[in-house]
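Report on one structure; see the data block that follows.
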Amino acid sequence: MSKITAAITAVGGYVPPDILSNADLEKMVETSDEWITTRTGIKERHILKGENKGVTEMAVPAVEELLRKRGITADELDVIICATVTGDMIFPSSACVIADKIGAKNAWGFDLQAACSGFLFGLETGAKFIESGKHKKVLLIGGDKMSAIIDYTDRNTCIIFGDGAGCVLLEPDNEGFGVQDALLHIDGSGRHYLHQKAGGSQKPPTHQTVDAKEHFVFQDGKTVFKFAVTNMAQVSYEIMERNNLTADSVTWLVPHQANLRIIDATAERMGLSRDKIMINIEKYGNTTNGTLPLLLWEWEKKLKKGDNLIFSAFGGGFTWGSVYIKWAYNG
Ligand code: UT7
């Protein structure tokens with residue numbers, strides 16, 4: 001019997017309609033469109049507005065699109081994994097909330113937290129459920145409402161992040177398409193450079209933590225940048241090497257959208273030209289767990305069966321890695 005691989009068989013995505021442009025930010029903090037564009041590549045981001053709306057508000061329409069495209073009902077899902085750092089609540093998991101909202105009655109699932117690498121870690125996790133033979137349909141969602149944890153008076157962070165969610169369906173494949181390899185890492189000594197100080201068990205919320213703005217993202221951008229450039233480039237190069245891929249045989253680099261300069265450094269190390277890189281950072285900024293599925297959502301029509309895709313990400317933790325996927329269908 002041929003080995004079961006886990007193929008992506010459908011993609012969905014959603015970004016909220018409201019846009020926060022560089023021109024808007026110029027009115028909010030001491031910055032300029034020129035600085036943001038040259039340092040990050042970002043022009044605008046989408047922001048989820050309105051009371052009582054969390055990340056599942058974006059995940060649900062993304063999943064509904066995916067189900068419609070694949071022609072299946074929510075009841076057919078076996079597992080729901082939601083990669084996020086901004087779940088609707090600390091608990092229960094957003095996977096539970098999504099299952100309820102879409103009417104998935106036969107699935108189990110959980111949230112996966114690996115900061116910006118969550119979707120990658122989810123791909124590897126979901127693939128193992130499929131490869132085991134026990135599960136036939138694994139839904140992987142990646143999304144964040146970063147605007148919920150951003151201080152819009154801090155120019156170091158507010159220019160970078162945006163809101164959005166995407167998802168993929170993983171199903172068994174007998175022809176060898178789908179997830180081929182994964183190279184994933186964590187290094188907790190990096191936690192000091194990118195984190196949210198309060199709200200967890202170490203420092204529960206108090207009036208003082210709110211006053212000190214400790215429920216917002218803290219980032220030492222320079223340090224994170226240094227580690228991101230080195231590690232994302234290295235891991236992407238390594239996964240190419242160990243799968244005997246060359247710059248010619250890689251069809252697409254699917255990189256986390258944190259900073260255009262990090263993406264370019266990664267592509268350079270891999271020897272890839274710009275036309276082989278998926279980039280939409282100018283429109284969405286860094287949507288954390290949303291970046292990779294939103295790229296697939298946008299590029300799906302261009303993808304062909306057999307294309308070699310290298311996914312790469314780096315984020316808080318530190319977490320980072322690369323996944324190699326052989327695309328399973330014509331877009
Ligand atoms: O997705 C999770 C992983 N995160 C990342 O990968 C992000 C990694 N880091 C970065 O992308 C970059 O470090 C940033 C975009 C956050 C910052 O860019 P940078 O080139 O590293 O700038 P910097 O922090 O070194 O700051 C350079 C200068 C400073 O001024 P001085 O000290 O040289 O006078 C900052 O105060 O730019 C200043 N600055 C700004 N100026 C205008 C910082 N933020 C801004 C701003 N507008 N928004």
Practice prompt. Within the range 64-98, track down each residue that is open to solvent by 20 Å² or more (accessible area, probe 1.4 Å) and either in the same structural domain as Trp320 (by TED's automatic domain parsing) or among the hydroxyl-bearing types (Ser, Thr, Tyr) (or both).
Written response: Thr73, Ser93
Response to the item:
Trp297 fails exactly one of (1) assigned to a helix (DSSP H, G or I); (2) among the hydrophobic types (A, V, I, L, M, F, W, C); (3) under 10 Å from His256 (Cβ atoms), namely (3)
Fill in: Scope the range 225-259; condition in contact (Cβ under 8 Å) with a residue 60 or more places away in the chain, buried (at least 19 other Cβ atoms within 10 Å of the Cβ), in a helix (DSSP H, G or I) and within 9 Å of the ligand (Cβ to nearest atom); matching residues
Ala228, Met232
Fill in: Those residues of the range 179-224 which are surrounded by fewer than 15 Cβ atoms within 10 Å (Cβ to Cβ) and either under 18 Å from Gln257 (Cα atoms) or of a type in the set (S, T, N, Q) (or both), in sequence order
Ser189, Ser201, Gln202, Thr206, Gln208, Asp220, Lys222, Thr223
Worksheet entry | Index of the failed condition, Leu20 passing every other in (1) within 16 Å of the ligand (Cβ to nearest atom); (2) surrounded by fewer than 18 Cβ atoms within 10 Å (Cβ to Cβ) | (2)
Worksheet entry | Of the criteria (1) more than 24 Å from Glu175 (Cβ to Cβ); (2) buried (at least 24 other Cβ atoms within 10 Å of the Cβ), which one Gly271 fails | (2)
Discussion item. Any residue at all in the range 131-143 that's within 30 Å of Glu30 (Cβ to Cβ), surrounded by 23 or more Cβ atoms within 10 Å (Cβ to Cβ) and within 16 Å of the ligand (Cβ to nearest atom)?
Written reply: no
Discussion item. Can you go through Met89, Met28, Met1 and tell me which one is at pLDDT below 95 and either farther than 26 Å from Val138 by Cβ or away from the ligand (no atom under 16 Å from the Cβ) (or both)?
Written reply: Met1
Item to complete: Say whether the condition of being more than 16 Å from the ligand (Cβ to nearest atom) and charged (D, E, K, R) is met by at least one residue in the range 151-174.
Response: yes
Worksheet item: Looking at (1) assigned to a helix (DSSP H, G or I); (2) touching an Asp or Glu at 6+ places or on another chain (Cβ under 8 Å); (3) open to solvent by 60 Å² or more (accessible area, probe 1.4 Å), can you tell me which one Lys101 breaks?
Response: (2)
Practice prompt. For the range 294-326, enumerate the residues that are within 12 Å of the ligand (Cβ to nearest atom) and not polar (S, T, N, Q).
Written response: Ala313, Phe314, Gly315, Gly316, Gly317, Phe318, Trp320
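Just the residues that are open to solvent by 30 Å² or more (accessible area, probe 1.4 Å) and part of a loop (DSSP other than H, G, I, E, B), please, taken from the range 32-51.
Scanning the range 32-51 gives Ser32, Lys43, Lys49, Gly50, Glu51.
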Worksheet item: Condition test on Asp307, is it without any contact (Cβ under 8 Å) to a residue 12 or more places away in the chain and either open to solvent by 10 Å² or more (accessible area, probe 1.4 Å) or over 17 Å from Thr230 (Cα atoms) (or both)?
Response: no
Worksheet item: Taking the range 320-331 as the search range and keeping residues that are open to solvent by 10 Å² or more (accessible area, probe 1.4 Å) and modelled with pLDDT of 95 or more, which one is nearest to the chain's Cα centre (by Cα)?
Response: Trp320
Discussion item. Of the residues Ile19, Ile36, Ile4, Ile8, only one is under 17 Å from the mean Cα position of the chain (by Cα) and of a type outside the set (Ser, Thr, Tyr); which?
Written reply: Ile8
Discussion item. Being out of contact with any Pro (no Cβ under 8 Å at 6 or more places or on another chain) and either touching a residue at least 24 places away in the same chain (Cβ under 8 Å) or not assigned by TED's automatic domain parsing to the domain that holds Leu77 (or both) is the filter here; which residues of the range 13-34 pass it?
Written reply: Val15, Pro16, Pro17, Asp18, Ile19, Leu20, Asn22, Leu25, Met28, Val29, Glu30, Thr31
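Do we have Ile81 as in contact with a Phe, Trp or Tyr (Cβ under 9 Å, 6 or more places away or on another chain), more than 27 Å from Val224 (Cβ to Cβ), away from the ligand (no atom under 16 Å from the Cβ) and not in a loop (DSSP other than H, G, I, E, B) here?
In short, no.
Here are Thr246, Thr209: which of them is assigned by TED's automatic domain parsing to the domain that holds Gly321, modelled with pLDDT of 95 or more and farther than 26 Å from Asp154 by Cα?
So the residue among Thr246, Thr209 that is assigned by TED's automatic domain parsing to the domain that holds Gly321, modelled with pLDDT of 95 or more and farther than 26 Å from Asp154 by Cα is Thr246.
The values are calculated or read from the model by the stated rules, or taken from the named source; none is laboratory data. Just so it is clear, the structure is predicted and the values come from calculations on it, not from any experiment. No Cβ is skipped: glycine too gets one built from the backbone with ideal geometry, and neighbour counts run over all protein chains shown. These area figures cover heavy atoms from the full protein model, side chains too; ligands, DNA and RNA do not enter into them. Shrake-Rupley method; radii C 1.70, N 1.55, O 1.52, S 1.80 Å.
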